[in-house]
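These notes concern the structure reproduced below.
Quick note: the coordinates plus some simple rules give every number you see, no bench work behind them. Not measured: the values here are computed from a predicted model. Glycine also receives a Cβ, built like all others from the backbone with ideal geometry; neighbour counts cover every protein chain displayed.
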């Protein structure tokens, strides 16, 4: 059983914001797979895709407490950290870029940091979706909780599609294969 976690914040006011890239990727994947509606449990929303034995999971604890929900669903389904992939937004990548990594620090992403803290390991696969650096005139919180510009949104839509393809590649092959294929031209 594989667990794909998309990070974001619950509620319509956050639905299309930069900080909800993880939710957007999982929504796109569930739609593509025709997985049906997400169910509510484990302090989140999830859908089981039986063909690939994969759970798509969106914690609804708000970003900074994501690890609690992730731990709950992992315990229930007896999922090991090596079978988890976390998808989230990243300020260090240009809009439209994605980057896959096997492990590492949170890169100052509070949702990823909480997952690392709760699970007690940095060895968690992740797919980072670029949202671009915070402009000098903006505050970080306002920027990540804001809507992308129309041109950034076009690039982000492409990144969402690419992230779904990378997840499928991981499920059909392995994470190394997906990294080799989808990290082309990305920056770290």
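Compared with the dominant principal axis of the Cα atoms in the chain, helix 150-172 is inclined by about 20°.
When only alpha carbons of the chain are considered, Rg and Dmax amount to 15.0, 47 Å. Centre-to-centre, using Cα atoms only, the stretch 137-156 and the stretch 6-78 are separated by 22 Å. Among beta bridges from DSSP that stay inside the chain, the antiparallel ones total about 50%. GNM on the chain, alpha-carbon springs under 10 angstrom: the most fluctuating residue among 22, 130, 120 is 120.
Restricting attention to the stretch 53-136, close to 40% of DSSP beta bridges with both partner residues there are antiparallel.
Helices in the chain, meaning DSSP H runs of at least 4 residues, each add -39500 (n - 2.57). Divided by all residues, the mean residue ellipticity at 222 nm is -11500 deg cm²/dmol.
Seen against the Cα atoms of the chain and their longest principal axis, helix 66-77 is set at about 20 degrees. If you run the Gaussian network model on the chain, springs between alpha carbon atoms under 10 Å, then out of 15, 166, 69 the most flexible one is 15.
The long axis of helix 21-33 is offset from the longest Cα principal axis of the chain by roughly 50 degrees. Ordered by the number of other Cβ atoms lying within 10 Å of each residue's own Cβ, fewest first, 63, 179 fall into the sequence 179, 63. Compactness of the stretch 35-102, taken as the C-alpha radius of gyration over 2.2 N^0.38 Å, stands at 1.21.
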